[in-house]
Structures are given as C-alpha cells and as structure tokens.
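Note sheet for the following structure.
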Amino acid sequence: MGWNKKRQLIWYQINDSEAIARHMEKMAAKGWHLEKTDNWGWRFQRGEPQTVRYAVTYFPDASIFDALPTGGQAAYFGHCSAAGWEYVSAYGPIQYFRSALPDPAPIETNEWEKLRAVHRSMKKTLVLSNALLILSESLSLWSRWASFRLFPMRSLSSSSDISLMLLLVTMLLYCAGSLTDYFVWYIRSKRSVARGGTCAKVHTKAHRVAGLILLAAVGVELFALVLEWANPAMRPILLYSFGGVALLLAGTQGMLWLLKKRGCSREAARWGFIAACVVLAVLFAFGMVPFARHTVQSGVGQKTPAYTYTDSRGWTWSIHRDQLPLTLEDLGFLVTEADHCSYGLEEKRSPLAAYTELSQWAMSRESSLTGLDCQVCVISWDWLREWCWQRLLVFYDRYSPYTYVQPLPEGVIEARRAGDTYILLCEDRVLTVFPGWEMTAEQLEAIVLRLSGV
C-alpha cells in the first residue's frame, strides 16, 4: 500500500464507540487520518498531524451490500455536516465522522435512540457473525474431537492438530465471551438509561487482551503449519490449502466490490455475494479430493524409493529401504531379495508425544513372507498415556473382544490381544503391533526390547 497508507485490524468491540473515536484521534495526532473502513479493518492516509475530534455512530438501516448511501443516510450526513461533523467512511451500519472544531456539538443526544441504534446494528453484525462462528467452530471442534478420540496418538504427536484444537477452542471462547459481554452491556445500559443515565462503559482492555490471546493462538497454529512444511508429503496440501483460502477470500470480496461498483441493488449484491461464497467453497472442497489423490498417485512430496518393482500382474510398487529399529529378520524370518520387501518408517513429534510407525511388507505376489506393522507412541505424562491406552482398548474391542497376554514381557505393565492386534502398555509408551501371525512369547519380548529405544 506504500509508505503513505497503513492498515490496522479492528480489535475493538463494535459497540465501543468511545474507545474507537479516541483511537482515531490519537492516530490523527500522529499524522495518520482515517480514509476508509471495511471488513479488513481500517485504512489510514498519511498527512499532517492534526488535533481533530472523531465520532462513531450507528445507522441500522444501512447494509454492507449498499452501493450508495440510502436516502436516510444522506439526510443523516447532511444533519451531521450542519453540526460541524465531516463524514469520513462507513461499513454497513457503522459510520465514522470527524470535526476540526475544538468542541463540536455531539451527534447523538438521546441515549434511548443511541442504544436502540447500537442494538439493531449489533444484531446485524456482532451477534449474527459470532453466532454463525460459534456454530461452525462447534461442528469443527466436534469433528476434530471425534477423530482425536479414535486415533489419539496420531493427533497428540502432530503439532498442527494440537494447535488447531487450541485455536478452535480459543475462537469458540472468544466468540461466546464477546456475545455474553455484549448482552450484559446491553442489559446494564438499558437499566442505566431508564434511570436517566448514559449507556454503560465497554470493557475495552478486556476485549483487547482477548483479541491478543486469539492472535497468539493463530500464531501458534501458523508456526505448527510451518513445522509441517518439513514433511515433503505435506507441502502440496499446505500450498493448496493456503492458496485456496486466499483465493476464496479474494474472490468473494472481489465479487462484492464488483457488484457494488456496478450499482447493483442491495438484494442483488447480497445474493450475488452468497452465490460466490457457495460456488467458490464447493470448488475448493471438491478440488481438494482430486488434488490430494493426484498428489499421492504421482508421488509428489513423497520419499524417494530405493527402486520400483513391477509384480507378475503388472502392478508397480515403490520399494523403500528405511532403517527400521525392528524387522522380520530380527524375529527369525528369512527374507530374500525375491520377496522385494519394502521397509517404511514414519515419525512425528510434538511437545506432547513422539509417534513412530514402521512397516515391512513383501511386494512380490509369489512371496509367502508375512508382514509386520508397529506403532510406538512415547508419552511422558502418565495420565495422558493411560487415557490413550484406554481409548485403544475401546476402539479395538468394537471389532474383536480382547484377551489378556501372558506372560508379560519385561517392561510391559499390561498387554491385550484383539484378533491379530497386540496392544501393550509400557512405562513410558504405548505399543501397537499388527503381525501377520500368532506371535510367540519370545518374539513379543524381542519386539518390546527393540522398540524400547525408539
């Protein structure tokens, strides 16, 4: 935007007109004068430092979909101009005025009318938007929590998953707190005005602190996504996600700007904006599926295999040679080159857990060699490790009732078997083993020994 323009996010609650006006006056004293306000925040123009007065008022009948001020607004602007107030900008029902007079007459003198205007404006802005956000955040949080309960160890070892849950909870609390605080303010203001007083003071500092907490949660999530960038397989997905969201925002706001520029009516602009949101959101959602499929099929961002192998049916497999802490060879199996075994290792780490998954499978159709999958999750906190263990028992008990494993290998607190799956609770980790055979006590002890150092 250049050195002569500046943007600021709006961290004030919309009904905090006094604090917003004082902020504008401080900016003007520094040479930054309000030029425009929109859903992205405030835009300032550099100029000479001035001592001016600002006022923020509310015109509930106005809408963000209006291309031009309504007839009522135009008359309102004329009334304010006659009183020495210059109209600066408006976004929907929220209007900004300034005056060079040292002590201009107040625009609003009737507290009842002011409170009604604020409340009608807030119902169209803060109340509606926060209610929709609470609904969407609750659904997202419920979906994430359901996935977390099914696969807790994967989620705990992912910094991005943890930070996203934290962000959703923070946003939910922020929106719910904003709504609660507003309605408390409205009730207090009604009582105050009924007694002949003025509207109640808004908790400006509390709102700014809450906004900073929300901003910190966003920063944590972005930092976690930067950490995910280290995983080559995640880079195409992250690029698509960030790019898609940016295009979604730019496309919807661009459509609204175009409709208003063409002078469309309020209803035409509203429905055109809604249609743009729905179409772009559907395109983004449906585009993710083939994009992700293409990413997997083409191997973009995947680890480079040691070689590729085409089996007797013409299927091509990527053969990996990752260094595994446990192999079939360690358990007494004879593995030959004709088996074309692939050795895969995946590692994830977060402040809460370290997750390792290893696998070894023969890709040759002529091979009689069995396969092996193991998952290791190291969790420092006893209560969290115990909770993950209980969630695994619940999950596997749905498909096959478990039995107790005896004797217990050294270092194992408890062990269960559900079908072909072995679940072991150790002193600092949880092990899940998927062998293609019924293991002996010696093999199980060897597995625990080998995976104790992961």
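The values are calculated or read from the model by the stated rules, or taken from the named source; none is laboratory data. Being a predicted model, the structure only gives us computed values, none of them experimental. Virtual Cβ from ideal backbone geometry, glycine too; neighbours counted across all protein chains shown.
Going by what's in this entry, would Val289 be described as modelled with pLDDT under 90 and over 30 Å from Trp387 (Cβ atoms)? Judged against the criteria, Val289 is a match. Tell me, yes or no, whether segment 405-427 has at least one residue that is among the charged types (D, E, K, R) and surrounded by 21 or more Cβ atoms within 10 Å (Cβ to Cβ). Checked segment 405-427: no residue is among the charged types (D, E, K, R) and surrounded by 21 or more Cβ atoms within 10 Å (Cβ to Cβ).
Restricting attention to segment 176-191, the residues that are free of Cβ contacts under 8 Å to residues at least 24 places away in the same chain and either under 13 Å from Gln13 (Cα atoms) or not charged (D, E, K, R) (or both) add up to 4. Here Leu133 meets the list (1) in contact with a Ser or Thr (Cβ under 7 Å, 6 or more places away or on another chain); (2) surrounded by fewer than 18 Cβ atoms within 10 Å (Cβ to Cβ) almost entirely, failing just condition (1).
Look at (1) of a type in the set (D, E, K, R); (2) surrounded by 15 or more Cβ atoms within 10 Å (Cβ to Cβ); (3) over 20 Å from Leu212 (Cα atoms) and you find that Asp16 fails only one, number (3). Picking from residues in segment 384-413 that are farther than 19 Å from Ala354 by Cα and assigned to a helix (DSSP H, G or I), the one that is farthest from the chain's Cα centre (by Cα) is Asp397. The single residue among Ala62, Ala55, Ala67 that is part of a loop (DSSP other than H, G, I, E, B) and crowded, with 18+ Cβ neighbours inside 10 Å turns out to be Ala62.
Residues in segment 22-39 that are closer than 28 Å to Val184 by Cα, free of Cβ contacts under 8 Å to residues at least 60 places away in the same chain and under 32 Å from the mean Cα position of the chain (by Cα): 3 in all. The residue that is modelled with the lowest pLDDT, counting only those in segment 54-87 that are hydroxyl-bearing (Ser, Thr, Tyr) and within 14 Å of Ala117 (Cβ to Cβ), is Tyr76.
Please pick out the residue among Tyr91, Tyr96 that is in contact (Cβ under 8 Å) with a residue 24 or more places away in the chain, out of contact with any Lys or Arg (no Cβ under 8 Å at 6 or more places or on another chain) and under 27 Å from Gly196 (Cα atoms). Checking each option against the conditions leaves just Tyr96. Does at least one position in segment 428-451 carry a residue that is touching a Phe, Trp or Tyr at 6+ places or on another chain (Cβ under 6 Å), surrounded by 12 or more Cβ atoms within 10 Å (Cβ to Cβ), touching a residue at least 24 places away in the same chain (Cβ under 8 Å) and under 16 Å from Leu326 (Cβ atoms)? Yes, segment 428-451 contains a residue that is touching a Phe, Trp or Tyr at 6+ places or on another chain (Cβ under 6 Å), surrounded by 12 or more Cβ atoms within 10 Å (Cβ to Cβ), touching a residue at least 24 places away in the same chain (Cβ under 8 Å) and under 16 Å from Leu326 (Cβ atoms).
For segment 237-272, what are the residues that are at pLDDT below 85 and more than 19 Å from Asn39 (Cβ to Cβ)? Correct list: Ile237, Leu238, Leu239, Tyr240, Ser241, Phe242, Gly243, Gly244. The residue of segment 1-27 that is farthest from Ser129 (Cα to Cα), among those that are part of a loop (DSSP other than H, G, I, E, B) and of a type in the set (S, T, N, Q), is Asn4. When segment 63-103 is filtered for residues that are touching a Leu at 6+ places or on another chain (Cβ under 9 Å) and aromatic (Phe, Trp, Tyr), the ones remaining, listed by number, are Phe65, Trp85, Tyr96.
The one condition from (1) without any contact (Cβ under 8 Å) to a residue 40 or more places away in the chain; (2) surrounded by 15 or more Cβ atoms within 10 Å (Cβ to Cβ); (3) under 30 Å from Trp185 (Cα atoms) that Ser138 does not meet is (2).
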